[in-house]
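Have a look at the structure below, then the notes.
The values are calculated or read from the model by the stated rules, or taken from the named source; none is laboratory data. Every value quoted in this text rests on a predicted model; they were computed, and no experiment measured them. Note: ideal-geometry Cβ built from the backbone for every residue, glycine included; neighbour counts use all protein chains shown.
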Amino acid sequence: MKIAIIMPLAEQRGGGELMLWHLMQQGRDLGVEWLVIFLTQGPMVAQFESLGVETYVIEAGRLRQPQLFFSTVARIASLLKHTQADIVFSWMAKPHIYGALAARLAKVSALWYQLGMPLANSRLDKIATLLPASGILTCSQAGADAQARMHPVRPIKVVYPGVELERFGPACLDSPQKIRRRLGLPVDGPLIGIVGRLQHWKGFHVLAEAMPRVLERFPDAHGVMVGGKHDLEPDYPAQLKDKIVSLGLEQSISMVGLQSDIPEWMQAMDMIVHASDNEPFGIVIIEAMALGKPVIAGNRGGPTEIITDGVHGLLTPYGDAEALSSAILRYLDDPEFAAQSGLSAQKRAQEFSTRNYALNFVKAVKQLSSNGRDADPL
């Protein structure tokens, strides 16, 4: 079986790009030939080539450019025929708009990955769902349930992402205290971290709002925000900084920007907060759990499928700074509970390896593609 993956981005921006990288790393001995078609140029092209993956770049431009759009579809279809691909798999909703039509021209099956939480009022999600497909993968059951509410209903398979567990093993990292000194972080006091893209729905501002109550009880506590700006919300970092200043937290919260060595930064932390609103999955949660860190995450979406509240971590509502501060204080007030939560989390994280992810991905794609030609709802 030869699977052609259409990837709209060519630089690491979040979990979606990391998921494809993990698949290419772990999926080369599973009886599948892979090729990746990037719709833009970027550093990921060379990175994938270094793995020996067959890669192509077709500059797609914007969907609102009709002539370029149809030219891109035709070029993808021609490439599918030339490479004798059996399946075209679009990585996210947007490339499926190209992939579905190209698959029809090339007479192969089309599938796609719903990496977000589909929204009924999203034009992109509506169009992608309308276009022919043998099936859709989602990264959580919550995502599958939301996708099943879209019309028409397609066959859906849940494939949980994986984490490079060996990179997030405490045994292969220095002690938190040693790392703190190296990174210039406070050596004394609890370190509360949050890692992700700087977008409003990721909830960095909620952690800022929760910190004053935490500092009342633990004045030496410190928050660390790791993450770079996102093109869709370029103003959010400045808004977040203004929030921190308005709360008088300049000395208690560090915004350290985008960092490359995430395992080291997370190892330095005493606990990790994941404050997103209805997160589709939450790879950062698994990474934190693999390190044995006490975790706090949102009580909607993918995190509820990873964490049993009070066992592998704590769950709080999005935007509820008081609930978040209470969860932080529960860990700080009860170190024994925090340690036990971290141990349980570490054990749970072992189920989410990148190898399991690749195996489950290939299995799901084979099952969906065996359904036959894509149904045409139009």
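Points worth noting:
Residues checked against (1) touching a Cys at 6+ places or on another chain (Cβ under 7 Å); (2) without any contact (Cβ under 8 Å) to a residue 24 or more places away in the chain; (3) assigned to a strand (DSSP E or B):
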{"site": "Glu233", "(1), (2), (3)": "no, no, no"}
{"site": "Ala238", "(1), (2), (3)": "no, yes, no"}
{"site": "Lys243", "(1), (2), (3)": "no, no, no"}
{"site": "Leu249", "(1), (2), (3)": "no, no, no"}
{"site": "Met255", "(1), (2), (3)": "no, no, yes"}
{"site": "Glu264", "(1), (2), (3)": "no, no, no"}
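- Top-ranked residue in the stretch 299-318 [being surrounded by 20 or more Cβ atoms within 10 Å (Cβ to Cβ) and in contact with a Leu (Cβ under 7 Å, 6 or more places away or on another chain); ranked as nearest to Phe204 (Cα to Cα)]: Thr316
- Consider the stretch 12-60 and keep the residues that are assigned to a strand (DSSP E or B) and either within 21 Å of Asp261 (Cα to Cα) or among the hydrophobic types (A, V, I, L, M, F, W, C) (or both). The one that is farthest from the chain's Cα centre (by Cα) is Val57.
- Restricting attention to the stretch 159-171, the residues that are among the β-branched types (Val, Ile, Thr) and under 20 Å from His274 (Cβ atoms) total 1.
- Set Gly319, Gly302: member being of a type in the set (Gly, Ala, Ser), in contact (Cβ under 8 Å) with a residue 60 or more places away in the chain, closer than 30 Å to Ala128 by Cβ and out of contact with any Pro (no Cβ under 6 Å at 6 or more places or on another chain): Gly319
For every residue, the table says whether it meets (1) crowded, with 22+ Cβ neighbours inside 10 Å; (2) within 30 Å of Val195 (Cβ to Cβ).
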| position | (1), (2) |
| --- | --- |
| Gln26 | no, yes |
| Glu49 | no, yes |
| Gly52 | no, no |
| Tyr56 | no, no |
| Lys81 | no, no |
| Phe89 | yes, yes |
| Ser109 | yes, no |
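- Residue pairs whose Cβ atoms lie under 8 Å apart, separated by 6 or more positions or on different chains, with the first residue in the stretch 138-166 and modelled with pLDDT under 95 and the second in a helix (DSSP H, G or I) and loosely packed, with under 15 Cβ neighbours inside 10 Å, are Glu166/Cys172.
- Counting only residues that are among the small types (Gly, Ala, Ser) and either closer than 22 Å to Asp277 by Cα or in the same structural domain as Glu17 (by TED's automatic domain parsing) (or both), the stretch 172-215 holds 5 of them.
- Of all the listed residues (Ile262, Ile253, Ile283), the sole one being within 19 Å of the chain's Cα centre (by Cα) and surrounded by 21 or more Cβ atoms within 10 Å (Cβ to Cβ) is Ile283.
- Residues that are part of a strand (DSSP E or B) and under 18 Å from Cys139 (Cα atoms) within the stretch 284-310 comprise Ala297, Gly298, Gly301, listed in sequence order.
- Of all residues making up the stretch 25-55, the number that are touching a residue at least 60 places away in the same chain (Cβ under 8 Å) and of a type outside the set (A, V, I, L, M): 4
- Summed over the stretch 58-107, residues that are within 16 Å of Leu20 (Cβ to Cβ) and not charged (D, E, K, R) total 10.
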